[in-house]
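Everything on this sheet refers to the single structure shown next.
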Amino acid sequence: MKKWYAVIGDPIAHSLSPFMHEIWFQENDIEASFLPIHVEPSKLKQACEALQLLGASGFNVTLPHKQAIIPLLDGIDDTAAKMNAVNTVVRNGKSFKGSNTDGDGFVQSLLTADPKLDSRVLLVGAGGAARGISFALKRAGFEDVTITNRTYRRAEELAEETGSKKLTKAEAEQNLDGFDIIIQTTSVGLAEDEALPISLEKVRKGTLAADIVYNPIDTPFLKKAEEKGCKTLNGVGMFVYQGAIGFEKWTGVKPDTEKMIQVITEKLGGNYVNR
Ligand code: ATR
């Protein structure tokens, strides 16, 4: 029987996951479909029951359901538990198990830039995305991670939990030249006209600046970083790798990530050679 997968969210029309997974199914001769499904928060439980009843083989969960889905699943893995958020659900017989591939997806993308493991890393933000990334950085062997955030208390809490260092935003801005990698994990940059989450005035030339936002491809943070002579890494790689880890969990097949980064970059009107 033909398998089917889905992504649920509100809104959902903008999601590139169906486009990406359909290409990977074709490339790998897998007979399956991938549907975007609009689910309002008040209908999440019914939607989850419907996915179970109608035999979805797995699904992605996007905003605003990443936390709310947890009690509706039959279980979650350690990564999703640490992040208290699920982005990928895998069917195992009659049960749905949640996991989270966002943090590892980001780190796999970061590794394509060939960073040294002893790099001094500054993580800007302390929300859900920063959580996943800080745990994944530690798992990958990055030891020197500092967290800064507009609301300092959240930076302190996350730093405590992940064994990272912490700085106030003002301290981080003053000491920006002490970092080799700066990772932008906040929602700033989703709208072109928004301000930067941190001033890049003191950034050192050659520092790697990475953003998790992929639409727009050139966020204000990355534009400023480029102006200051930084190397940049946009959010397309994270999007593709988080999907690829999920695809492998569902099908057992490792899809072609490099070609997909090129396809998605071009679809978003970006310039692939700049990566
Ligand atoms: P997500 O799950 O996408 O990370 P979140 O948990 O709401 O979402 O976290 C959003 C992050 O973006 C937080 O670090 C937030 O900072 P606060 O903890 O101070 O709220 C950060 N953020 C959002 N808007 C911001 C802004 N205008 N300037 C700086 N940081 C901002």
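The values are calculated or read from the model by the stated rules, or taken from the named source; none is laboratory data. Because the structure is a prediction, the values reported are computed rather than measured. Because the Cβ atoms are built from the backbone with ideal geometry, glycine has one as well, and the counts that use them run over all protein chains shown.
Descriptive notes on the structure:
- The single condition among (1) in a helix (DSSP H, G or I); (2) away from the ligand (no atom under 13 Å from the Cβ); (3) of a type outside the set (Phe, Trp, Tyr) that Ile133 does not meet is (2).
- When Val240, Val253 are checked against the criterion of being in contact with a helix residue (DSSP H, G or I) (Cβ under 8 Å, 6 or more places away or on another chain), surrounded by fewer than 17 Cβ atoms within 10 Å (Cβ to Cβ) and closer than 30 Å to Asn28 by Cα, a single residue qualifies: Val253.
- Candidates are the residues of the range 195-230 that are of a type in the set (Asp, Glu) and assigned to a loop (DSSP other than H, G, I, E, B); the one that is farthest from the ligand (Cβ to nearest atom) is Asp218.
- Residues that are more than 14 Å from the ligand (Cβ to nearest atom), under 21 Å from the mean Cα position of the chain (by Cα), among the small types (Gly, Ala, Ser) and in a helix (DSSP H, G or I), drawn from the range 137-194: Ala140
- Listed by first and then second residue, the pairs linking a residue in the range 146-172 that is closer than 16 Å to Gln184 by Cα to a residue that is assigned to a strand (DSSP E or B) and within 9 Å of the ligand (Cβ to nearest atom), with Cβ atoms under 7 Å apart and 6 or more places separating them unless they lie on different chains, are Thr148/Val124.
- Of note, Asp118 does not satisfy the criterion of being farther than 30 Å from Leu53 by Cα, in a helix (DSSP H, G or I) and modelled with pLDDT of 95 or more.
- For the range 13-24, the set of residues classified as touching a helix residue (DSSP H, G or I) at 6+ places or on another chain (Cβ under 9 Å) and among the aliphatic types (A, V, I, L, M) consists of Leu16, Met20, Ile23, listed by residue number.
- Matching residues, the range 85-108, being closer than 25 Å to Asp211 by Cα and charged (D, E, K, R): Asp102, Asp104
- Among the residues of the range 176-226, the one identified as on the phi > 0 side of the Ramachandran plot and either surrounded by fewer than 19 Cβ atoms within 10 Å (Cβ to Cβ) or basic (Lys, Arg) (or both) is Gly206.
- Some residue of the range 116-132 being surrounded by fewer than 16 Cβ atoms within 10 Å (Cβ to Cβ), among the small types (Gly, Ala, Ser) and free of Cβ contacts under 8 Å to residues at least 60 places away in the same chain: no
- Residue check for Ala126: part of a loop (DSSP other than H, G, I, E, B), within 16 Å of the ligand (Cβ to nearest atom) and at pLDDT 95 or above: yes
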